[in-house]
Amino acid sequence: MNTVVASITYRAMLGRKRVWLLALLPIALIGFALLFRFIGGGDESVAVDLMKIFAIGTVLPLLGLIAGTGVIAPEIEDGTIMHLMSKPISRPVIAFTKFVVAASLMVAFSVIPTYVAAYILIGTESGIASGFALGALFAGIAYAAVFLLLGVVSRHAVTIGVIYALVWEGLIGGYVPGARRFSIQQWAQSIADQVTTSAFLKSEVALSFAVPAMIIVVAGSVVWAGQRLRVLSLTGDE
Amino acid sequence: MSVIEIRQVSRWYGNVVAVNDVTMTIGPGVTGLLGPNGAGKSTLLHLMAGFLQPSGGTATLDAKPIWKNHDVYRTIGLVPEKEGVYGFLTGWQFVQSAARLHGLGDDAAERAIAQVDMAAAKDRRIETYSKGMRQRIKVAGALVHEPSVLLLDEPFNGMDPRQRLHLMDLVRDLGAAGKTIVFSSHILEEVERVAQQIEVMVAGRHAASGDYREIRRRMTDRPHLFRVRSSDDRRLAAALIADTASGGVSFTPQGLEVRTVDFRRFTHQLPRLARDLGVRLWQVSPTDEDLESVFSYLSGRS
C-alpha cells in the first residue's frame, strides 16, 4: 500500500467528470428503490428481485468493471503509469494499492447504495438489506480484483469484462447450472442468502464453495496482476 | 558516477527486430542517441530504463541488471517521450508526488522545479501547459531525487527555441557535473550541441560511435548522388566520366545521375566543364541529402 499511488488513483477516478461514471448506476439503483417504494410495490419479493437482478446482477459487475479496470488500464494505455513505475516502489505494491482503491470505490458506489436501496424498499426486514450488502461487499472485492488483473493483462479489458458479465454470468449462467458455480454474482447471492431469512432468495452455489473460491480469485488476481506489472513492457512510439 | 552497459542486446517484437545486437557502454557525460525515426532509439532507451526486457543480451547499470529491478530507479531519472503526465495534477502536485514516491520531502520538489525554471507556473494544472512546459515538468519529476543517470526520450521535440536552449543548457550542465545522461534525437544539430559522445542507430543497429566531429566528418565525407539535367546530357556525361570527381554516370529519364567520389571537386568542376562544352545546366540537385540516406550510408560502412 502506497499512499501517493492511492491518492493519484483516487484523483483520477473521482476527478470532475469521471466520478459520474461511477455515480450514475448507484443513483439509478436508489432511484428505482424510491420509485417502487412510492408506487407501493415495496414488498419483499420486489425487493429481492431488484437486489438480485439490478443491484447484484447489473450494478455490481458494471461498477466492478469501471472501477477495476479504471484504476489501471487508462494509465497503461496513455503511458502515465510510467510515473509510478519509474520509481523505487515494487510493482506488486503498485498493483495492490490500485486494488485497494478499486475495492474501496466498490464499497462507496455499490455496497452502500445496495444497502440504502434495500432499506428504502423494506427497511431491515428479513435481513435483506444487510444480506445483499454483505454479498455485494465480497463480490465487489472479487470483481475489483478480477477486472484489475484484466486491465493489466489486456488492452481489451473492458470488452472482455462486458462479455464475461453479460455472456458468461448473464446468459450462460442463466441456462447452464454448472456455469453458475464460476460466477461471482452467484457467490454474492450465496452470501446474501446466508444472512437473509427471506424465502424469495434461493442461492444455487453452496457457501462452502463460494467463500474459498472468492478468496482464491481475489488473492490470485492481485498477485498475478503484480507479477504482470513487473514484466509490463512499455514501448515508445516506435 | 554510473555506467550503463549494453551487451549484445537485441529486442524483437514478433518477427520485427527493433534493436539488433547492440553493444555500448555509456559513462558520465552527455551521450546522444542519434538516428532516423524507427531506428530503435526509443526501444534502446526503454531497455536502459527497465521498461522492456531484452530479447537477447544484457543491460546493466553499475553491473546490476536493469530488467525487473525497481531499485535501479534510485539511480535513474526517466523522461519518457509520450505525454506521460497526469493532466489533472498541477505541476507542483506532479513533482511533489515524484518526490514522495522517492521518500523525499517538498524541498526536493521545490529544488527540481526551480532547476527547470517552472516555479511561476507550478500551480497550474498540467493539462493547461504547452508541450515545452510539460517536457520541463517531466524533467523536474525525473530530477527530484538527484539521480546519477538521466534518460530522456526525444526531449527537445515540440519545444520552442527558447525552451529548447534552456533545456539544452540544463542537460549540458548536468553532464558536466558528472551525471550519466542519454538522450535520443533524430536531429544531428541538436545532438552535436549537447552531447560529447554520439551513438548512431540505423535500422536497429549500432551504426557509428564517436564525438560530433567524427560523426559530422563521416556524414559529409561520403559519395553523393546528384541529378543533372542539361541541354546536352551525353556530351556532359562524357566529360564528367573523364573527370576524377565522378565515380559513375548513368542516364535516366529524369536526366543524368552522377555519383561523386570527391564532393568538393565535383561541385567545383561541374560548372566549368559545362561552360567549356557550351552545355547549358538546367538542374543540379542532390538526391540523397535527406537524413535517411546519410544514416544508411553510415550503417552500410560499419
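The values are calculated or read from the model by the stated rules, or taken from the named source; none is laboratory data. Everything numeric in this text was worked out from a predicted model, so none of it was measured. We place every Cβ from the backbone using ideal geometry, glycine too, and count neighbours over all the protein chains shown.
A few remarks follow.
- Yes/no for B:Val202 being at pLDDT below 90 and either within 21 Å of B:Tyr73 (Cα to Cα) or crowded, with 22+ Cβ neighbours inside 10 Å (or both): yes
Residues are listed down the side, and each one gets a yes or a no for (1) buried (at least 23 other Cβ atoms within 10 Å of the Cβ); (2) more than 24 Å from A:Val231 (Cβ to Cβ):
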| site | (1), (2) |
| --- | --- |
| B:Val17 | no, no |
| B:Leu34 | yes, yes |
| B:Thr58 | no, no |
| B:Gly87 | no, yes |
| B:Arg100 | no, yes |
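- When each of A:Gly174, A:Gly140 is tested for being small (Gly, Ala, Ser), part of a helix (DSSP H, G or I) and either within 16 Å of the chain's Cα centre (by Cα) or surrounded by 24 or more Cβ atoms within 10 Å (Cβ to Cβ) (or both), the lone residue that passes is A:Gly140.
- The sole residue among A:Ser110, A:Ser45 that is out of contact with any strand residue (DSSP E or B) (no Cβ under 7 Å at 6 or more places or on another chain), at pLDDT below 90 and part of a helix (DSSP H, G or I) is A:Ser45.
- Residue count for region B:40-49, restricted to those that are facing chain A (nearest Cβ under 8 Å) and not basic (Lys, Arg): 6.
- Flag if B:Gly87 is part of a loop (DSSP other than H, G, I, E, B), of a type outside the set (Val, Ile, Thr), farther than 21 Å from B:Asp173 by Cβ and free of Cβ contacts under 8 Å to residues at least 12 places away in the same chain: no
- So A:Met1, is it part of a loop (DSSP other than H, G, I, E, B) and touching a residue at least 24 places away in the same chain (Cβ under 8 Å): yes
- Selection from region B:151-167 of residues that are part of a loop (DSSP other than H, G, I, E, B) and either at pLDDT below 85 or under 13 Å from B:Ser185 (Cβ atoms) (or both): B:Asp153, B:Glu154, B:Pro155, B:Phe156, B:Asn157, B:Gly158, B:Met159
- Within region A:185-238, the set of residues being among the β-branched types (Val, Ile, Thr), part of a helix (DSSP H, G or I) and touching a helix residue (DSSP H, G or I) at 6+ places or on another chain (Cβ under 6 Å) comprises A:Ile191, A:Val195, A:Val217, A:Val218, A:Val222.
- Residue selected from region B:108-130 under the condition polar (S, T, N, Q) and either in contact (Cβ under 8 Å) with a residue 40 or more places away in the chain or within 14 Å of B:Phe94 (Cα to Cα) (or both), by the criterion surrounded by the fewest Cβ atoms within 10 Å (Cβ to Cβ): B:Thr128
- Residues of region A:143-156 that are assigned to a helix (DSSP H, G or I) and more than 14 Å from the chain's Cα centre (by Cα): A:Val152, A:Val153.
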